[in-house]
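Asker: Sharing a structure, written as structure tokens. Questions coming.
The values are calculated or read from the model by the stated rules, or taken from the named source; none is laboratory data. These figures come from a predicted structure and were not determined experimentally. We place every Cβ from the backbone using ideal geometry, glycine too, and count neighbours over all the protein chains shown. Calculation scope for accessible area: heavy atoms of the full protein, side chains included, ligands and nucleic acids excluded. Shrake-Rupley method; radii C 1.70, N 1.55, O 1.52, S 1.80 Å.
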Amino acid sequence: YLKISKLALAFAIIRAKPPGKSCKEYTEHLARTVSEQDFGWKSKVAVLEAEVLRLRQELLLNKICPRFHLESGKPDDSAETLLDQECRNPMTYSSQLEDSGCDVSNDYGFDSLGVASDFHKPEHNVDSSKCWLERIPPLDLCCTSKEGSLTAPVQFLQCLLEIRKLSEGGILQADFAELENDSFTICDSVSQLLDGLTVFYNSPKFSVSNFLTDAVSVLISLITDTKLSNCVLKKCFKKLEEFKKNLIQIILRNSSVNRFQALHAVSQTLVLLGRNHILKNSLISLLLSEVRQFAEQLLQGHQVLSSF
């Protein structure tokens, strides 16, 4: 049946071929047309899926905390403005990455990565904490930029962490049991965050910015939070394992001369993930596996040389 179908398709292409074009050219033209249509549908599906996830995120946040839109204070777009400025003018270190890459003394861009607890510092002003919930910029999952791929999950997970912190302080009443009922939303959001970070780290010359630092801090805060981490680790453990494997491979495969400061950020993320008692053992196993594999390669090389 497959052979007959292929033969029928070949006859159809030959008969429909316009004059002046060979069968090969016309077949390639048809293939390009079909692939373009397929790509168009895929992009439309991606946009729709992003919109569905955005609505699920908003619904989950409202289920957890019905007072998500607080009555006191006026909405302020300062948070959105700051985020836009950060996306347009990230604090880059390209000037350092243009040299040999051997000078790694200036680690200012990575200091905040090591202090995941900064996100949980107590607020000095209760009213400002309340207003923070009102100032959260609208979740936008339809961005195609690298920053856009991280913006939406970071905002959503920041909301969860902030509601959690305010509920602990008795400022808000929140029902985090809803996370168990709708675990797919938080799982998809964490997956999106991990995929976005992987895209950043895989870039040949990614710029270390406050935005990237904040994304990593949110991830670390999430997996170290006593209440939220159970749901995240239970549902997203395999994704986190895949993320750690990707980071290790990024470190090992990058042979660029100017790689040192960039890879410091990647390795620092691994260190922060390894501080979690659940992720620590698997991370050590992954690293030891790479060391063992390298030792075996050295042994094989030594054996080959000794034969001469």
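Asker: Check off (1) open to solvent by 10 Å² or more (accessible area, probe 1.4 Å); (2) at pLDDT 85 or above for residue 194 and give me the number that stays unchecked.
Answerer: (1)
Asker: With the requirement that a residue be in a helix (DSSP H, G or I), surrounded by 17 or more Cβ atoms within 10 Å (Cβ to Cβ) and more than 15 Å from the chain's Cα centre (by Cα), what does region 225-243 give you?
Answerer: Matches in region 225-243: 228, 231, 235.
Asker: Mind checking which residues of region 244-259 are more than 14 Å from residue 293 (Cβ to Cβ) and open to solvent by 80 Å² or more (accessible area, probe 1.4 Å)?
Answerer: Hits for region 244-259 are 255, 257.
Asker: Just to check your reading of the model, which residue among 176, 211 is crowded, with 18+ Cβ neighbours inside 10 Å and of a type outside the set (S, T, N, Q)?
Answerer: 211
Asker: Quick one: count up the residues across region 245-263 that are within 16 Å of the chain's Cα centre (by Cα) and not in a helix (DSSP H, G or I).
Answerer: Of the residues in that region, 0 qualify.
Asker: Scan 186, 171 and give me the residue that is in contact (Cβ under 8 Å) with a residue 40 or more places away in the chain and more than 15 Å from the chain's Cα centre (by Cα).
Answerer: 171
Asker: Restrict the check to region 271-278 and report whether at least one residue is under 30 Å from residue 183 (Cβ atoms), open to solvent by 50 Å² or more (accessible area, probe 1.4 Å), out of contact with any Pro (no Cβ under 6 Å at 6 or more places or on another chain) and of a type in the set (Lys, Arg).
Answerer: Yes: one or more hits.
Asker: Something else about it: Which one of 60, 53, 7 is hydrophobic (A, V, I, L, M, F, W, C), modelled with pLDDT of 85 or more and open to solvent by 60 Å² or more (accessible area, probe 1.4 Å)?
Answerer: Numbers: 60 fails: open to solvent by 60 Å² or more (accessible area, probe 1.4 Å); 53 fails: open to solvent by 60 Å² or more (accessible area, probe 1.4 Å).
Every option except 7 fails the conditions.
Asker: Return the residues of region 10-50 that are more than 30 Å from residue 152 (Cα to Cα), in contact with a helix residue (DSSP H, G or I) (Cβ under 9 Å, 6 or more places away or on another chain), in a helix (DSSP H, G or I) and open to solvent by less than 80 Å² (accessible area, probe 1.4 Å); say none if nothing qualifies.
Answerer: Hits for region 10-50 are 10, 13, 16, 23, 26, 27, 30.
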